[in-house]
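**Student:** Dropping a structure here in structure tokens format, bear with me for questions.
Please treat every number below as a calculation from the coordinates, not as lab data. From a predicted model like this one, the values you see are computed outputs, not experimental measurements. Glycine gets a Cβ as well: all are built from the backbone with ideal geometry, and neighbour counts include every protein chain shown.
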Amino acid sequence: MKTLLSRLWILLFWLALVAVWEISCRVWAVPEFILPMPSAIWQAFLDVEFNRWMAHLWATLRVALSGFFISLAISLPLAIVMLRSATIKKLLYPMLVVIQATPVVAVAPLIIVLVGTEDPSRILITCLITFFPMVVSTITGMSATPDELIELSRSLQAPRYRETWQIRIPYAMGHIFSGLRVAITLAVIGAVVAEFVAAEEGLGYFIQFSTSFFKIPQAFAGLIFLACVSLLLFKSVQWVQQLWFPWSLNNNE
Amino acid sequence: MKKGWALFLVGWLWITPSVAKDNVVFQLDWLPGGDKSPVYVGIEQGFFSAQNIEVKVLTGRGSTDSITRVAAGRAHFGFADIGTLMAAKAQSPVPVVAIHPYFTEAPHAFYVLSDSPVTRISDLKGKKVATSAFTSSNAFLPLVLAQHQMQEKDLTLIKANVGALGPMMLSGNVDAIIAWVTNLGLYKQQAMSAGKTLRILPWSESGLSLYSSSVIASERLLASNPDLVKRFAKAMHQAIEFAYHQAEQAGKDIHQQVPEVDAVIAKEQIEATYPLVFNAITERDGFGVFTKAYLATTWKYVAKANNLTEDSLDAESAVASFAFAGAAE
Amino acid sequence: MEKQALQQASIELAAISHRFEPAGDWVIKGLSSTISQHEFVAVVGPSGCGKSTLLRMIAGLLSPADGAVEVYGHAVTAPRDDVGIVFQKPTLLPWLTVLDNVTFPLKHKYGRVSKAESEQASVLLKRAGLDGVAQRYPHQLSGGMQQRVGIVRAMLLNPDILLMDEPFSALDALTRERIGFDLLDLWQQQPKTVVFITHSISEAVLLADRVVVMSARPSSVVEDIVIDLPRPRSQQTLQHPDFAALTARVRTHIYAQVSAD
């Protein structure tokens, strides 16, 4: 009941914000190219055919999600290896930091030239941007396992892989998921950055395209749609955590 | 579920373009729009299929981007400013050549508001001018100013994002902006939404006459399959003529291929671009032909604009030899 | 168990010394002690005197820098199957039910849990009064119940030696007392050698056969006090005339250490 009420308040707040936006634009006659009215944005949204929206959404989503899952598939084993071997960690960690410190926007055009203008290069760009938070959160999570549990494992003389799979990784889930929440929004950013550099479809491309035709309300519609998609993906990661890894939510021992 | 994943995989495991029989990739130098319509017209009107060519179009982000991708083998053909190509070739052996002229006049222009005291380029002395950071116009600016006894330091030049230029002028932050004449329609529309009108001062009218946007091709492809390149040039030739003489249909054709492009706006863009494509130069030399003299003039401007010596490039090496003879016949 | 087994030395600590870095300060210096089979020994001492370090050396998780630890006459070089550990915190796995937590050591060591073993775990849980919560998750249990699960887990492999590292320190006084008696019940049903580290002097005296008092760093055994209070121990033990005297004796030795510090 209480949550329902607070949700209602949040909804009211957003509606009020939109209303204030609409009214201020009308009262001060703000030109469309500076800040379009919500009604104009809504109209622009409706003017674009549904299946065009879906085509752009699918283009962005398949890049963002492929990049996200490939990143996940690489970062998990890598984190395990780096946790096991201090030498490998010393070898790879600076490399990861360099990758993270390099602005993806700057290398994206090079990647397009090297890898091509199709999805693989866009996915690679997405991987580069999502990779680091995943590796770091996994390593942090696995190192945060209580010493007693590791001692328990050692006192049982269990094989190392079971220590990793039965103790460290489940324990790290809380950390891994906070990394995943960051990574999923970064994945969308990565896909959009890639589309800014080379694309024939996608929400990022659509926004850039709309701007190039000075269709500012349409660009805003694309932007808001993209933000909603991002939010939904973020929420999905949370739902997955709540559904399958509920213990990791209050794992503050 | 399984099927969904299979489709998903197929979705992104696209095979990178390769020189299969006559499948080619065309690289635009910017996003789709009216001035890029010929390639879409070529597809829709069957000029390419008549030459047994299948074309896939990629969008681009500037002439440099386009040339780089053709040079790297990511695309076979493209649009690019021949000036940018010449400057690139003068500095390193870029395996790209022009095979067909497109704009035979410079597309660059100053835009001012109709109520502005600026009526001639020379009136810009001491004024604030906004330009986008990466446009090829910037290189030619000193040349245009010199023709009016000015230097760059006589202006306050502000570099901004393309999308911000119009609003900056309309809100009075700058006195003029630098943009291509091809976008006149868009800027007019934007000005109208603020209740204003525009005046355009094209650089071509003040004597900056040169080859600009051109159709380029990979030199490797030209060496391995000259026939394909010639057939492509021929199809493009027909497509450009069609597009500029049947602008309305061309607008529809591009809309067909790229639904986001409005057919009417594209038509207006084509009409605004017409003087760059068909003009006194094409009257004199014929359409679709590079002449050595005009190419030399172009190189002179380009070399000066880019601080290159004139002997750093044999201008004719930037053009495929068959293109001097004319591609149509 | 046979009478003679009681006489057998279960754990032998022979002049062990330890420090964590090669040139660091000694944490334990020349500590010797013998613990008989099925003896309940409590270890007390000032904070930081290396009680936990000692426990880990008996468990085979740590090797002493000098000296030797022997269990049943064999030098301890690695963790042994017949030693179980209960930690200060219950350290249950939050993603497993109580029953799965109890059988976790088997699953972890051998990769699977047989039906018989699972039933054995249920029996142990029942004996510890936890049969009603077998399918619950740790966060649904009180701290005392969680620690009981931790003890049951250590019991499942039926180790001969049970090492307990301040197992009740996180619990409130009442729970602590009750769970202590529960532990004694279990111990009497299934006799084991217990090494019980604690901060509480009265707890040590109440539960143990012998209280070993350790000195401050570098620590060794300063006093070994036999607690000859009658068994089974209960609330009444607290009223036993010797109880106060014994706790006072232990306390004196500890305070002597602290003031000497």
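**Student:** Work from the charge dipole of chain A (Cβ charges, +1 for Lys and Arg, -1 for Asp and Glu, about the Cα centre) and give the residue of A:SER71, A:PHE45, A:GLN218 farthest towards its positive end.
**Tutor:** Of the candidates, A:SER71 comes out farthest on the positive side.
**Student:** If you consider only alpha-carbon coordinates, what radius of gyration and Dmax does the stretch C:92-158 have, in Å?
**Tutor:** Cα-based Rg and Dmax for the stretch C:92-158 come out at 10.6, 30 Å.
**Student:** Nothing charged except the Cβ atoms of Lys and Arg (+1) and of Asp and Glu (-1): what's the magnitude of the dipole of the protein assembly as shown about its Cα centre? Round to the nearest 20 debye.
**Tutor:** Working: 69 positive and 71 negative charges, 181 e Å.
Its charge dipole is roughly 880 debye.
**Student:** For chain C, max minus min Cα coordinate along each principal axis, in Å, sorted largest first?
**Tutor:** Computed over the Cα atoms, the extents are 52, 46, 39 Å.
**Student:** Moving on. Starting at the first residue of the stretch B:119-136, write each ³J(HN,Hα) from the Karplus equation 6.51 cos²θ - 1.76 cosθ + 1.60 with θ = phi - 60°, in whole Hz, x for Gly and Pro.
**Tutor:** 10, 10, 4, 5, 6, 6, 3, x, 9, 8, 10, 9, 9, 7, 5, 10, 6, 5
**Student:** So, one more: Cβ under 12 Å from B:THR291's Cβ, B:THR291 left aside: what net charge do those residues give with Lys, Arg +1 and Asp, Glu -1?
**Tutor:** Surrounding charge for B:THR291 is 0.
**Student:** Here's something else I'd like to know. For a quick check: with amide H placed at 1.01 Å from N, whose amide H comes under 5 Å from C:GLN88's, ignoring anything fewer than 5 positions away on the same chain?
**Tutor:** Amide H to amide H, under 5 Å and 5 or more residues apart or across chains, C:GLN88 pairs with C:ASP165.
**Student:** So what is the 222 nm mean residue ellipticity for the protein assembly as shown from helices alone, if each DSSP H run of at least 4 adds -39500 (n - 2.57) and you divide by all residues, rounding to the nearest 500 deg cm²/dmol? The partial results should precede the final answer.
**Tutor:** Numbers: 34 runs with 452 residues, N = 843.
So the calculated ellipticity at 222 nm is -17000 deg cm²/dmol.
**Student:** Between C:LEU174 and A:ALA55, what is the spin-label point distance in nm, taking each point 7 Å from the Cα along the Cα→C-beta axis?
**Tutor:** Spacing of the two 7 Å Cα→Cβ label points: 7.2 nm.
**Student:** A follow-up question, please. Please find the FRET efficiency linking C:ARG112 to C:THR252, where r is the Cβ-Cβ separation and R0 is fixed at 60 Å, and quote it to the nearest 0.05.
**Tutor:** 0.70
**Student:** What FRET efficiency would be calculated for the residue pair B:THR197, A:ILE99, taking the C-beta separation as r and a Förster radius of 56 Å, to the nearest 0.05? Before the final figure, lay out the partial values.
**Tutor:** On the way: r = 51 Å, r/R0 = 0.91.
Taking R0 as 56 Å, the efficiency between B:THR197 and A:ILE99 is 0.65.
**Student:** Still on this structure, I have one more. Can you tell which of C:THR175, A:VAL107, C:ALA65 lies farthest toward the positive end of the dipole of the protein assembly as shown, using +1 and -1 charges on the Cβ of basic and acidic side chains (Lys, Arg; Asp, Glu)?
**Tutor:** Of C:THR175, A:VAL107, C:ALA65, it is C:THR175.
**Student:** Taking other Cβ within 10 Å of each residue's Cβ, how do B:ASP81, B:ASP65, B:ASP314 sort, fewest first? Present the calculation step by step, with values, prior to reporting the outcome.
**Tutor:** Working: B:ASP81 30, B:ASP65 24, B:ASP314 10.
Ordered from fewest to most neighbouring Cβ atoms within 10 Å, B:ASP81, B:ASP65, B:ASP314 come out as B:ASP314, B:ASP65, B:ASP81.
**Student:** Highest mean first, how do C:155-163, B:231-239 rank when packing is the count of other Cβ atoms within 10 Å averaged over residues?
**Tutor:** Descending packing order for the listed peptides: B:231-239, C:155-163.
**Student:** Could you calculate the FRET efficiency of C:SER202 with A:ALA227 from 1/(1 + (r/R0)^6), where r is the beta carbon distance between them and R0 is 51 Å, rounded to 0.05?
**Tutor:** For C:SER202 and A:ALA227, the calculated efficiency is 0.25.
**Student:** Once the piece of chain linking B:SER317 and B:ASN279 is laid out straight, how much longer is it, given 0.36 nm per residue of separation minus the C-alpha distance between them?
**Tutor:** Between B:SER317 and B:ASN279, full extension yields 11.2 nm more.
**Student:** Can you pull the Rg over Rh of the stretch A:34-250, Cα-only, Kirkwood?
**Tutor:** Details: Rg = 20.4 Å, Rh = 19.0 Å.
Result: Rg/Rh = 1.07.
**Student:** If you count, for every residue in A:205-217, the Cβ atoms of partner chains within 10 Å of its Cβ, what is the mean?
**Tutor:** Details: counts 3, 1, 0, 4, 7, 3, 5, 8, 15, 13, 6, 5, 0.
For peptide A:205-217, the averaged partner shielding equals 5.
**Student:** Net charge around C:MET155, counting only other residues with Cβ within less than 10 Å of its Cβ (Lys, Arg = +1; Asp, Glu = -1)?
**Tutor:** My count for the surroundings of C:MET155 gives +3.
**Student:** Show me, for the stretch A:50-55, the HN-Hα J-couplings you get by feeding each phi into the Karplus relation (A = 6.51, B = -1.76, C = 1.60, θ = phi - 60°), rounded to Hz, glycine and proline as x.
**Tutor:** Residue by residue, the stretch A:50-55 yields 4, 6, 6, 4, 5, 5 Hz.
**Student:** Now, a different point. Kirkwood hydrodynamic radius, computed over distinct alpha-carbon pairs, for the protein assembly as shown: how many Å, to one decimal?
**Tutor:** Over the protein assembly as shown, the inverse of the mean reciprocal pair distance is 33.4 Å.
**Student:** Explain nothing, just the number: dipole magnitude of chain B about its Cα centre with +1 on each Lys and Arg Cβ and -1 on each Asp and Glu Cβ, in debye rounded to the nearest 20.
**Tutor:** The dipole magnitude comes to about 780 debye.
**Student:** Count the net charge of all other residues whose Cβ sits under 9 Å from the Cβ of B:ASP29, scoring Lys and Arg as +1 and Asp and Glu as -1.
**Tutor:** Charge balance in the 9 Å sphere: 0.
**Student:** What's the magnitude of the charge dipole for the stretch B:108-206 around its Cα centre, counting Lys and Arg as +1 and Asp and Glu as -1 at the beta-carbon? Answer in Debye, nearest 20.
**Tutor:** Here the stretch B:108-206 has a charge dipole of around 120 debye.
**Student:** Starting from the amide H of B:GLY46, placed 1.01 Å from N in the peptide plane, find each other amide H under 5 Å away whose residue is 5 or more places distant or on another chain.
**Tutor:** none
**Student:** Right, something else. Counting only residues 5 or more places away or on other chains, whose amide H sits under 5 Å from the amide H of C:ASP66 once H atoms are built in the peptide plane?
**Tutor:** Those qualifying (amide H under 5 Å, at least 5 residues apart or on another chain) are C:SER17.
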